[in-house]
Every structure is written in structure tokens, then in C-alpha cells.
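Reviewing the structure listed below.
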Amino acid sequence: MKRYDWITPIGVVAGVLLVGLAIFWNSGSDGFASFFHLPSLLIVLGGVFAALLVTFPASSLKRFGSVSLQSFRRSPDQIYEIVSLFVKLSEIARRDGLLALEKEMVGIKDPFIKKGIYLAIDGVEGDTMVDILQAELQSLEERHKVNRRMLEKAGDYAPAWGMIGTLIGLVLMLQDLNDPAAIGPNMAIALLTTFYGVLLANLVFNPMAGRLAQKTEKEIFQKQMIIDGVIGVHHGQNPRVLEEQLSVYLSEQDRLKGEVKVEKANG
């Protein structure tokens, strides 16, 4: 079950606060009004959206919101639980045969684990099983990469549209140098669009894309461990040997967590 990840919004808010403090220290509370200019913001956001429309099909852009939200969610770390599950399945398979594992599938929610175990139950050869699971893993990685690319492109486009806004502001300013009243608003467009573009790229779009890349790496790492576990069960590996083999995927924290659980169970 995915949970809300507070670290991502905290990071965004912290970045905004740091910028706000810098403005406040240099110009007081009155300085904030100078850094809000709706036309400049619309140039950047509208330009980014327009560029994304050109780059990606509508089917992909429909997922932009849901993909962005994924960076604010996290899945609980279940690596130790997965190791324990495969040790249990290995014990059942060695004692009662692979067909006995079908009853255990009812309580398993992870579709990747279920698919691997069902392949083992159906008597699929080990090499073929690995090829099927690895193909699914590559497909998952490619889907995540395509979704993440929208945020990465938004991060590329935002500073560029900031520069476009700057050029617009400079042109307007140079046309009205004889009108002092027009210089201020035109300078605001010239400078603030670059500010908004750089800020959105480096505080929102690119960091969110980086967060999604880390989540993908973690998921692939976990699924690779599942493949090794499925193969171990399929080959009838000794549960203790399988546990040692899968333990290489555990961090020191996960191993300590497992030792505590064992001590509580024995106590």
C-alpha cells in the first residue's frame, strides 16, 4: 500500500521558504509584491504546457498529473518480508511439492510474485521463467521512463521559456524607453520569467523526476530479488541457503529489523 511521502513537499516548501527569506532579508515584506507578476508566470507555465503538447501525445499528457503525484507517494519497504515469504514458500515446496504453493497464493497481493510462483507451479523451465520475468521487468522500467520523461522535459523547457519571456520584456522595454512608466512592468517580465523558469525547473520538475527515478530503481531492485527467490523455490533450494542468497539484498537496517523480529518470536 502506497503512503504519502512528506519529504517531497517538505523539500519544495523549504526551497520556497529559503527564496522568501532571501527576499525578506534584502527588501523586507514589501519585496514580495515585486516577485509576483502574473504575466511572467503565465508565459513560463503556458509555454511549458504548449511545448509538452508538441512533444507528447494526448494519451501521455493525460497521465501528467497522476505521474507527478507519484513523487509524493512512497511504498513501504518490504524487502525483509519478501525474504521471509520466499523462505516459507521454499519450505512448503520442498515438503509438499510445487503444487502445494497454489493455496499460498491467496494471501499474496504482489502480482509479480504471484506470476513468478504460478510459472513455477505450471512447470515452466527455469531459463524461460527468467526470460518472462525479466521481460516484464524491462517493460516496467520503460513505462516508468516514458512517464518520467514528461517531467524531465518540463524541467528542460521551463528555463528556456523563462529566457523567451526575458527577450519579450527586453524588446518591450527598448520600444518604450521614452515612457518611464512602462520600463518597470517590462523589466518585470524580462527578469521574473527567467526567475520563474529556473525556480520551477530546479525546485519542482527536475527534483520530482529525480524522485521518480529513485523509486523506479528501488522497485527494479526489489523485483530482481523476487526473480531470484522464484528461481530458488522452483529449483527446490534449501530454505536456509535461499535465505542467505536473498539476504545479500538486505541493508544493514533490514537485517537488524529481522534479528529483532526473530528475538521477539523466540522470546
Taking all pairs of distinct alpha-carbon atoms in segment 176-224, Kirkwood radius in angstrom: 13.8 Å
Separation in nanometres of the label points that stand 7 Å from Cα toward Cβ, at residue 224 and residue 77: 1.7 nm
Pairwise centroid distance, computed over Cα atoms, of segment 207-236 with segment 46-67, Å: 28 Å
Rounded tilt (10° steps) of 252-266 against the dominant C-alpha axis of the chain: 40 degrees
Fraction in percent of alpha-carbon pairs per bin - 10 Å, segment 28-67: 25, 34, 23, 15, 3
Size of the chain as Cα extents on the principal axes (Å, biggest first): 91, 45, 26
Pairs beyond 24 Å (Cα-Cα), from 115/215; 109/223; 62/145; 115/153; 114/215: 115/153
On Cα atoms only, tilt of 206-234 relative to the major axis of the chain in degrees: 10 degrees
Distance in nm between pseudo-label sites at residue 34 and residue 64 (7 Å out along the Cβ direction from Cα): 3.2 nm
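Give the accessible surface of the chain per residue, rounded to a whole number of Å², with probe radius 1.4 Å and ligands, DNA and RNA excluded.
Values: 15470 Å² over 267 residues.
The answer is 58 Å² per residue.
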For segment 148-209, alpha-carbon Rg relative to the globular expectation (2.2 N^0.38 Å, N residues): 1.33
Heavy-atom accessible surface of segment 39-172: percent carbon and sulfur, 1.4 Å: 60 percent
Unit charges at the beta carbon, dipole of the chain: most positive-side option, 98, 248, 170: 98
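The values are calculated or read from the model by the stated rules, or taken from the named source; none is laboratory data. Since we're looking at a predicted model, the values are computed, not measured. All Cβ positions, glycine included, derive from the backbone under ideal geometry; neighbour counts span all protein chains shown. Just so you know, the surface numbers come from the protein's heavy atoms only, side chains and all, with ligands and any DNA or RNA stripped out. Shrake-Rupley method; radii C 1.70, N 1.55, O 1.52, S 1.80 Å.
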